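One structure below.
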Amino acid sequence: MYVAYRFGMAFLLTTAHTVAALYRIQQAGLGPLELALVGTVLEITVTLCEVPTGVVADLDGRRASVLLGLATIGAGRPYVPSGFGSGP
């Protein structure tokens, strides 16, 4: 069961990253340098956000960390433009 789970997650994540890269190339028209900058900003943001959630998970448990992450995503959603991601 664990092997099937890991395979499924790897497949889904790889598919999601491929689709996101194709979107950035075709729809957003980003060049190689811009793609590298977007990837760099994404990875730096993920790394910076993992530290506080890890601290919360260590102090208050995993559930509190997940809820904090979901609340942060929900709080940031109103700031995303309404047409973002809908294509040309």
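The values are calculated or read from the model by the stated rules, or taken from the named source; none is laboratory data. These figures come from a predicted structure and were not determined experimentally. Every residue, glycine among them, receives a Cβ derived from its backbone with ideal geometry; neighbour counts consider all protein chains shown.
Miscellaneous remarks
- Residue ID - farthest from the chain's Cα centre (by Cα), chosen from residues in the stretch 19-67 that are at pLDDT 85 or above and among the hydroxyl-bearing types (Ser, Thr, Tyr): Ser65
- Contacts under 9 angstrom Cβ, first residue in the stretch 1-15 being free of Cβ contacts under 8 Å to residues at least 40 places away in the same chain, partner polar (S, T, N, Q) and surrounded by 10 or more Cβ atoms within 10 Å (Cβ to Cβ), 6 or more apart: none
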